[in-house]
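Report on the following structure.
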2 protein chains.
Amino acid sequence: MQSDTLCHPDVPSARSIATVSIATVSISGTLAEKLRAIHAAGFRCVEIFENDLLYYDGTPGDVRRIADDLDLKIVLYQPFRDFEGVGAERLARNVERIKRKFDVMHALGTDRLLVCSSVLPDTVCDDGLIVEQLGVLAEQAQAAGVTACYEALAWGRHVNSYRHAWRLVRAVDHPNLTLALDSFHTLSIDDPLDEIETIPGERIGFVQIADAPRMNMDVLEWSRHYRCFPGQGDFALAEFTSRILRAGYRGPLSLEVFNDGFRGAPPAATAADGYRSLLLLEEQTRALTAGVAGNEELPLFAPPAAPARLTTQFLEFAVDAASRTRLVGWLEKLGFRRAGQHRSKDVTLYQHGAAAIVLNAEPDSFASSFFQQHGLSLCAAAFRLDDADLALERAARFGYVPFTGRVGPDERVVPAVRSPDGSLNYLVNERSGQPTLFEADFVLTDVDGPSEVGPLIDIDHVCLALPMGSLDSWTLFLKAVFGLQASSSVVVPDPYGLVRSRAFCNRDRSLRLVLNASVDRHTAVAEAVQAYHGTGLNHVAFGANDIFRAVAQFEQAGLPLLRIPRNYYEDLAARYALPESLLSRLRAHHLLYDRDENGGEFLHAYTETLDKRFFLEIVERRGGYDGYGAPNAAVRLAAQTRRRREDAAMS
Amino acid sequence: MQSDTLCHPDVPSARSIATVSIATVSISGTLAEKLRAIHAAGFRCVEIFENDLLYYDGTPGDVRRIADDLDLKIVLYQPFRDFEGVGAERLARNVERIKRKFDVMHALGTDRLLVCSSVLPDTVCDDGLIVEQLGVLAEQAQAAGVTACYEALAWGRHVNSYRHAWRLVRAVDHPNLTLALDSFHTLSIDDPLDEIETIPGERIGFVQIADAPRMNMDVLEWSRHYRCFPGQGDFALAEFTSRILRAGYRGPLSLEVFNDGFRGAPPAATAADGYRSLLLLEEQTRALTAGVAGNEELPLFAPPAAPARLTTQFLEFAVDAASRTRLVGWLEKLGFRRAGQHRSKDVTLYQHGAAAIVLNAEPDSFASSFFQQHGLSLCAAAFRLDDADLALERAARFGYVPFTGRVGPDERVVPAVRSPDGSLNYLVNERSGQPTLFEADFVLTDVDGPSEVGPLIDIDHVCLALPMGSLDSWTLFLKAVFGLQASSSVVVPDPYGLVRSRAFCNRDRSLRLVLNASVDRHTAVAEAVQAYHGTGLNHVAFGANDIFRAVAQFEQAGLPLLRIPRNYYEDLAARYALPESLLSRLRAHHLLYDRDENGGEFLHAYTETLDKRFFLEIVERRGGYDGYGAPNAAVRLAAQTRRRREDAAMS
């Protein structure tokens, strides 16, 4: 509802005091581009991944100078593979090999080398021999003035657990051989975490951090392609990290992420998300280390807490006169009524139950520029919470951009933060005894509030259609700024490709959001994103207490519902023992149906698409149903595709 | 070298006489689109995948009418899940559920239902109970006048092998319950194939065929996302299929392919490849069933054999005057000399050793239209073989488009077949005692042949940059038309994403080809494809006997070599115990080095890119090295990226 100035204030430092780092392999680009992006994101430490150096057309000394100029400390060079568990001749060659790497490290100005447990099929699986050879490694490292950090790869031939690696390192008992821990290698194989705290902190030489979605696949492939930043996957990283800190480790926490998507994405944005992800991890870790003796002083990132209470106050659409007319027509058919007019701007408020929609047609405003770029679109959402200033500070400390708009006389200044797609999230204080935002900024048509009760109760959820590859960035945004919980993502087939979908909500389910990103170029979601030029509302779902009553009323008013194939109901009848009376009512109103394991039920209907670009949904949740009708998503996508085809054939 | 007319002759029927079929899930689109594409590809049988029906906005009777109109027989409805191994109450519900599906089948006009082994965690793992319940199923099927085909899913809770499923089906011993076989479920778990031939053919009710690349991952995920058509993956499908035919099965061979790429690709092209893939499978299967008693009469696809002998005669570039000048400049630096001028066209021949390059600037020709679309590009390749007519017939019977160009007086008519990207493959008969193609069509400048021996010996391989998602289609083309063997694909990192690469060769390695397709949008390969508007030569590699001599000569002549970072050589020194003298020579000439397990060596150098779009490679193979220096591909991609950046910064 605000406008004009995108403000770039002096963002309070998002800097964590713990040492955060990132491996160059985690982002795309040439080595110089990577280092610049890593610096710009806020990192002051970096791991050099060997291949990045090999591909770099300059000496290791050149790399050191670039890093120095960027105030980046090279904290690790990696990886060195297959040193131990070999015959005498091979050991001699490995010593020659590692000496050359020590030379590279000297030129780079780093003194830590990551040594991975051997994966050679002919590794000699003899702990005694390995201890002896790691001893040779440690002596060589000492002679070169560096430290070797020994890491158990989850797919190591003989050593694949940090516990085994630690037994070996402890047996070698040499100051130049330490243990390296990597969250992926430990959490991917469900290795027990208990022993971490038994390791003296100073014997842990380095800690690498990666998250990953839970996947049922070969751990090497999983590691090489699907790692992601903390908070984007499913691993219990705070559990892992807090134990390491409790053990007394005080060195870098360093992201090492192999991710196919990140390899193809712009490095600056990826590095910025990486930095945020470590802040989020620190915050979560702090909660677990608080109160532990010796850990009070831990300098972990401590932003204001995520808002405890969070509800949607309104959704704001960027419109012009023509699209407003169309949208208002639909809202009126849904029983919304005009509830107010903004005091100074061409902004109108519509309400139905607790659902409020704001239509912004103000010229020369944020909304109008959003409209110019994206057409009729969701340009903002407003959230009611207890302390907007703290929420804004939290967002800013995570490095998200605050926004302050133009404000008329006597109008409320509402802080806002930008979503990854540039839309706004207003943070609204509502305190009892004070005028509401609507009262402050709007001339309300009905000051006593709605007198009749309509069939809709609230906004159940919003579903956004995103460009490919942006799910991870949104996940981090929603977790960091709003403290939302993420479900695991699911893949839904569309007639022309696949759509990846992930749901988010807060603890009391008063805020729900679904993000859809297409894997292919021709799905309904991809076409919506293209139509919106890179951003796109997909749909808004309104909650109803009695969906049959609601839908009957809306159809009566002329709201066009998306036609669901009769075959769907035949299958429904076969899947569930639904009474024929219910089945026929579902069929008559084009309602979809889902049931969860506990008997909770979900009934929902979709409208046709408005303006070929977005649509509405009406939902009823029964018996604690907590999902979004995922089994029906493919039915909806197919029905929408059919309609697009019909429209295309007619035009 | 030919021109003008793209000819669509009356292609000899590619129809196999065996019954080939495809499941609707294998291709993209709405159900009606799928059926039309399946018909157009040549199929006369189809499986209806249940979800396609559920999403279809018409009755099963409507689907039957569409299929009838297209002369498509619906040979199966699938899948029915989790019938058996349940309690009494659930069984009763399952009987009600399956009766509804029988009604759907009647309306569809099909009498086969695929029933998958149960995946429910609480499946009762009791063969006696399952036999009893499958007996109930069989009786219900009999009452409905249909047959249930029971299939073991590789991830079935209790039944996951065809051998177990067959024991159960045999125990039920009912004509309305047969066994369904699926190549994926059997080959993915390396289930022994021996028992297939012990099953009476008439007890096998249906056979589904899918190939897949070998992957180390959860079999369910592998099945749902990575299946592909026969010949595109790594499975021994002819072994599987020949055993089924030897068992006496004479029903459909039906493709059932879940592939993320196919879900997003145009349905007509995918269905056409599916049809071809079954022809190829039939041909391969025929070789394994020949001579087996009772199988001589098997009506399997029998095209002319793939060419036994196959060498590249020349590569033809579409050029205009300016790009010809540039390319000729490079060829001359590589020691090529002008060897002939076409008798009637603006076409020039350059030769060096056995490597021949044709530059086609003829106006109003195939080459000129190729040039208009793609710029300087590889528009054709000519292959010497024993019987060009048979090779052309083979290609045509696989449904690939033959091409006949405009021919001048006394010039040779050279048959050709189009590649998936529209470029031509000339098929050249060279018989002793007859004039060569060059003698027939060109005024040769040196009729006695080359007098001096240059450092190049031949064209070692060609590497093509392909659009995303076209690797599978090319794989099938190269296997079907030329009988090439495919290596497994590898993934190579580029600074801005990943590139998937697959190598092809014939048995005697006289023809080698590498295909690269980018997974992301900003890699060097992707940019090359964009520059070429959807097709693109990546590079041509020339073979040398003494690469040091060759490269020294070329550098002396001013050929610009791609600069390789010195760090690469530091690492090479660490990886291999190379003598410093060799290392320094490699480094001096920007040569890359690889070594195989048997000590075979590969030395290679790249030129800078010509016209920002393609480049050349010089290679030397030592000691039977059979690869392409895959470990060095990332070094090359990074070096090229650096050069693009430098060029961009300068312009």
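The values are calculated or read from the model by the stated rules, or taken from the named source; none is laboratory data. Quantities reported herein were computed from a predicted structural model and do not represent experimental measurements. As a convention, Cβ positions derive from the backbone with ideal geometry for all residues, glycine included, and neighbour counts pool all protein chains shown.
Taken together, the criteria place A:ALA634 among residues that are within 20 Å of A:PRO493 (Cα to Cα), facing chain B (nearest Cβ under 9 Å) and at pLDDT below 95. Search region B:117-146 for residues being surrounded by 22 or more Cβ atoms within 10 Å (Cβ to Cβ) and in contact with an Asp or Glu (Cβ under 6 Å, 6 or more places away or on another chain), and hand back the single one that is farthest from the other protein chains (Cβ to nearest Cβ). In this case the residue turns out to be B:ILE130.
Looking only at residues of region B:427-464 that are in contact with a helix residue (DSSP H, G or I) (Cβ under 6 Å, 6 or more places away or on another chain) and at pLDDT 90 or above, we find that the one that is nearest to B:ALA354 (Cα to Cα) is B:PRO455. A:GLN530 passes every criterion in (1) touching a residue at least 24 places away in the same chain (Cβ under 8 Å); (2) of a type in the set (S, T, N, Q); (3) closer than 28 Å to B:SER26 by Cα apart from (1). Contact map, region A:52-73: residues that are away from every other protein chain (no Cβ under 11 Å) and outside any helix (DSSP H, G or I) paired with residues that are of a type in the set (Lys, Arg) and surrounded by 16 or more Cβ atoms within 10 Å (Cβ to Cβ), Cβ distance under 8 Å, separation 6+ or inter-chain. Pairs shown: A:LEU70/A:ARG36; A:ASP71/A:ARG44; A:LEU72/A:ARG44; A:LYS73/A:ARG44.
For region B:622-631, the criterion of being under 27 Å from B:LEU466 (Cβ atoms), within 12 Å of chain A (Cβ to nearest Cβ) and assigned to a helix (DSSP H, G or I) is satisfied by at least one residue. Scanning region B:170-214 for residues that are in a loop (DSSP other than H, G, I, E, B), out of contact with any strand residue (DSSP E or B) (no Cβ under 9 Å at 6 or more places or on another chain) and among the β-branched types (Val, Ile, Thr) turns up just one, B:ILE189. Flag: A:ALA552 matches the condition of being surrounded by fewer than 16 Cβ atoms within 10 Å (Cβ to Cβ), free of Cβ contacts under 8 Å to residues at least 60 places away in the same chain and away from chain B (no Cβ under 12 Å). Being more than 26 Å from A:GLY85 (Cβ to Cβ) and surrounded by fewer than 18 Cβ atoms within 10 Å (Cβ to Cβ) is a property that A:ARG246 lacks.
Take the residues of region B:147-169 that are without any contact (Cβ under 8 Å) to a residue 40 or more places away in the chain and part of a loop (DSSP other than H, G, I, E, B): which is surrounded by the most Cβ atoms within 10 Å (Cβ to Cβ)? Result: B:ALA152. When A:ALA171 is evaluated against the numbered criteria (1) at pLDDT 95 or above; (2) more than 27 Å from A:ALA143 (Cβ to Cβ), which criterion, by number, is the only one it fails? Single failed check for A:ALA171: (2). All of (1) among the aliphatic types (A, V, I, L, M); (2) closer than 18 Å to A:PRO493 by Cβ; (3) surrounded by fewer than 24 Cβ atoms within 10 Å (Cβ to Cβ) hold for B:ALA271 with one exception: (3). Selection of region A:486-509 for residues being of a type in the set (Gly, Ala, Ser), in a strand (DSSP E or B) and more than 14 Å from chain B (Cβ to nearest Cβ) yields A:ALA486, A:SER501, A:ALA503. Does B:ARG585 qualify as being modelled with pLDDT under 95 and either within 12 Å of another protein chain (Cβ to nearest Cβ) or farther than 18 Å from B:PHE615 by Cβ (or both)? Spelling it out, it is not the case that B:ARG585 is modelled with pLDDT under 95 and either within 12 Å of another protein chain (Cβ to nearest Cβ) or farther than 18 Å from B:PHE615 by Cβ (or both). Restricting region A:588-608 to residues that are away from chain B (no Cβ under 13 Å) and in contact (Cβ under 8 Å) with a residue 40 or more places away in the chain, the residue that is surrounded by the fewest Cβ atoms within 10 Å (Cβ to Cβ) is A:GLU608. The set of residues from region A:613-633 being buried (at least 18 other Cβ atoms within 10 Å of the Cβ) and of a type in the set (A, V, I, L, M) comprises A:LEU616, A:ILE618, A:VAL619, A:ALA633. Number of residues in region B:91-116 that are more than 13 Å from chain A (Cβ to nearest Cβ), within 13 Å of B:ALA144 (Cα to Cα) and not in a loop (DSSP other than H, G, I, E, B): the value is 1. Listed conditions (1) within 18 Å of the chain's Cα centre (by Cα); (2) outside any helix (DSSP H, G or I) are all met by B:ARG521, apart from (1).
I'd like to know if region A:128-145 contains one or more residues that are touching a residue at least 12 places away in the same chain (Cβ under 8 Å) and not in a helix (DSSP H, G or I). Yes - at least one qualifying residue is present in region A:128-145.
The combined condition, being within 14 Å of chain B (Cβ to nearest Cβ) and under 23 Å from A:VAL491 (Cα atoms), is not fulfilled by A:ASP234. Assessment of region A:76-90 against the conditions (facing chain B (nearest Cβ under 10 Å) and in contact (Cβ under 8 Å) with a residue 60 or more places away in the chain) yields at least one matching residue.
Out of the residues in region A:516-531 that are buried (at least 23 other Cβ atoms within 10 Å of the Cβ) and more than 14 Å from chain B (Cβ to nearest Cβ), state the one that is modelled with the highest pLDDT. It comes out as A:ASN516.
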